[in-house]
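To keep things clear, I will list the structure first and then write my remarks on it.
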Amino acid sequence: MKRLFLLALAAALTAVCPVRAESPWDEAQSETLALPVVLREKAEITADKIRLGDLFSGLPRDKENRVVADAPSLGKDVVLTADWLKKAAQKHAIDWTPADSGVSVSVRRAAREIGKADIASLLIKALKNNGLSDNAEIVLNGKNFPILVPKNAEYDISFEDIDFSRDAKAFSAKAVIKTDEETQTVDLTGKVQTFVFVPTTRHALTAGQIVTEADVFMKKTPQERARRLKIAALGDLIGKEIKRPVRAGQPLDDSDVRVRPMITKGKAVTLSFVKGGIMLSAQGKALENGGLGDTVRVMNTQSKSVVQGTVTSPDTITINGRNEK
């Protein structure tokens with residue numbers, strides 16, 4: 001009987017004072033409130049202000065976004081000391097104190113870099129609109145680079161006050177870099193360099209060697225240096241014979257090659273005499289090499305006289321009667 005009475009009493013109390021189930025929100029809130037406030041080792045920010053949440057984890061939500069200082073310049077760092085952090089914690093009623101005077105946190109303002117190559121590729125287009133040659137390149141002076149903009153910012157680059165003429169070897173301009181947050185103006189200066197392509201040997205070539213495409217490449221060369229050279233077309237070199245040894249990496253021009261000889265020094269040749277409409281032939285000995293159209297010396301093996309003639313075909317020299325000596 002007593003047991004039945006106790007069971008009934010327990011059921012009645014449960015009905016009057018029901019047990020409240022804890023919701024997921026309550027659990028998350030309890031866990032957050034229970035987290036200790038911890039100083040971050042370092043922080044990278046993109047905004048122009050430093051907030052408490054950048055420095056500490058475990059803060060209540062209403063304190064995370066409180067501004068405590070100006071951010072450093074783009075791409076720069078600032079170190080906040082133990083004393084500064086302690087004062088900030090006290091001011092905002094944060095339950096944190098530094099373990100010792102050596103505690104600090106480094107805050108870096110993240111930035112996106114715009115380098116010389118980025119600027120040069122755009123500036124050269126603007127300079128070409130002002131008469132820059134298609135075979136010219138520009139060299140920007142090193143100062144003012146890299147240019148920094150906020151890390152996640154989209155930017156637009158334009159140029160103003162371009163000072164350049166077709167014959168000038170230097171230029172100046174202003175680069176205008178615009179983002180949603182700011183506009184920067186950067187002074188630019190530099191030099192213009194014009195290039196030409198010069199046939200150059202890939203490796204050493206020996207006398208008598210026939211030039212092939214594998215032996216020569218077109219090397220980009222400053223025009224100032226190339227003015228001292230006789231620049232030949234690559235097609236005018238291929239298939240011709242090297243006159244004298246040429247080192248690797250040397251420019252190759254018409255003076256270094258010749259048409260492969262049709263006449264070889266010391267070899268027997270046919271002498272073709274033309275005089276008064278009459279053509280005669282004789283045997284001779286070449287005294288020098290010669291290609292088609294070259295004038296060479298040759299000895300008449302019968303008379304032992306030396307004459308000059310023109311190479312007109314392989315092993316054949318045509319001689320005007322007046323040239324016989």
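If the requirement is being of a type in the set (D, E, K, R) and modelled with pLDDT under 95, which of these qualifies: Asp83, Asp77, Asp62? Explain how you work it out, then say what you get.
On the way: Asp83 fails: modelled with pLDDT under 95; Asp77 fails: modelled with pLDDT under 95.
None of the others qualify; the one that does is Asp62.
Among the residues in the range 151-170, are any among the charged types (D, E, K, R) and touching a Gly at 6+ places or on another chain (Cβ under 6 Å)?
Keep residues of the range 151-170 that are among the charged types (D, E, K, R), which gives 151, 154, 156, 160-161, 163, 166-167, 169.
In the following step, the residues that additionally are touching a Gly at 6+ places or on another chain (Cβ under 6 Å) were identified as 166.
For the range 151-170, residues among the charged types (D, E, K, R) and touching a Gly at 6+ places or on another chain (Cβ under 6 Å): present.
Determine whether Ala214 is exposed (fewer than 14 other Cβ atoms within 10 Å of the Cβ) and among the aliphatic types (A, V, I, L, M). Don't jump to the end; show me each part of the working.
On the way: exposed (fewer than 14 other Cβ atoms within 10 Å of the Cβ): yes; among the aliphatic types (A, V, I, L, M): yes.
So Ala214 fits the description; yes.
In this structure, is Leu80 outside any strand (DSSP E or B) and of a type in the set (A, V, I, L, M, F, W, C)?
no
Val216 passes all but one of (1) touching a Ser or Thr at 6+ places or on another chain (Cβ under 8 Å); (2) over 28 Å from Ala248 (Cβ atoms); which number fails?
It is condition (2) that Val216 fails.
Need a quick list: strands (runs of 3 or more DSSP E) entirely within the range 155-235 having at least 1 residues that are in the same structural domain as Lys143 (by TED's automatic domain parsing).
Counting at least 1 such residues, we get 156-163, 170-178, 183-201.
Which numbered condition in (1) surrounded by 13 or more Cβ atoms within 10 Å (Cβ to Cβ); (2) more than 21 Å from Asp134 (Cα to Cα); (3) modelled with pLDDT under 90 is the only one that Arg228 fails?
Single failed check for Arg228: (1).
Search the range 67-99 for residues being under 16 Å from Arg40 (Cα atoms) and of a type in the set (D, E, K, R), and hand back the single one that is surrounded by the most Cβ atoms within 10 Å (Cβ to Cβ).
Among them, the one singled out is Lys86.
Of all residues in the range 176-209, which are of a type in the set (A, V, I, L, M), modelled with pLDDT of 90 or more and out of contact with any Phe, Trp or Tyr (no Cβ under 6 Å at 6 or more places or on another chain)?
We begin by selecting, within the range 176-209, every residue of a type in the set (A, V, I, L, M); these are 176-177, 186, 188, 192, 196, 198, 204-205, 207.
Remaining after also requiring modelled with pLDDT of 90 or more: 176-177, 186, 188, 198, 204-205, 207.
Result: Val176, Val186, Leu188, Val198, Ala204, Leu205, Ala207.
Only one of Val198, Val216 is more than 30 Å from Ile317 (Cβ to Cβ) and touching a residue at least 40 places away in the same chain (Cβ under 8 Å). Can you tell me which?
Val198
Pick out the one residue from Arg258, Arg297, Arg247 that is free of Cβ contacts under 8 Å to residues at least 40 places away in the same chain and within 30 Å of Arg228 (Cα to Cα).
Just a single option satisfies the conditions, and that option is Arg258.
Do the conditions hold for Ser106, that is, is it within 40 Å of the chain's Cα centre (by Cα), in a strand (DSSP E or B) and among the hydroxyl-bearing types (Ser, Thr, Tyr)?
In short, yes.
Can you pull out the residues in the range 104-146 that are touching a Lys or Arg at 6+ places or on another chain (Cβ under 9 Å), of a type outside the set (Gly, Ala, Ser) and within 23 Å of Asp70 (Cβ to Cβ)?
Val105, Val107, Arg108, Arg109, Arg112, Pro146
Go through Phe171, Phe164 for me and flag whichever is surrounded by 12 or more Cβ atoms within 10 Å (Cβ to Cβ), touching a Phe, Trp or Tyr at 6+ places or on another chain (Cβ under 7 Å) and at pLDDT 90 or above.
Only one candidate qualifies: Phe171.
Conditions (1) touching a Lys or Arg at 6+ places or on another chain (Cβ under 9 Å); (2) free of Cβ contacts under 8 Å to residues at least 60 places away in the same chain; (3) assigned by TED's automatic domain parsing to the domain that holds Asn144; (4) outside any strand (DSSP E or B), marked per residue:
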site: Gly53; (1), (2), (3), (4): yes, yes, no, yes
site: Pro72; (1), (2), (3), (4): yes, yes, no, yes
site: Gly75; (1), (2), (3), (4): yes, no, no, yes
site: Leu85; (1), (2), (3), (4): no, yes, no, yes
site: Ala89; (1), (2), (3), (4): no, yes, no, yes
site: Ala93; (1), (2), (3), (4): yes, yes, no, yes
site: Pro98; (1), (2), (3), (4): yes, yes, no, yes
site: Gly102; (1), (2), (3), (4): no, yes, no, yes
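The values are calculated or read from the model by the stated rules, or taken from the named source; none is laboratory data. Being a predicted model, the structure only gives us computed values, none of them experimental. Heads up, the Cβs are rebuilt from the backbone with ideal geometry, glycines too, and the neighbour counts pull from every protein chain shown.
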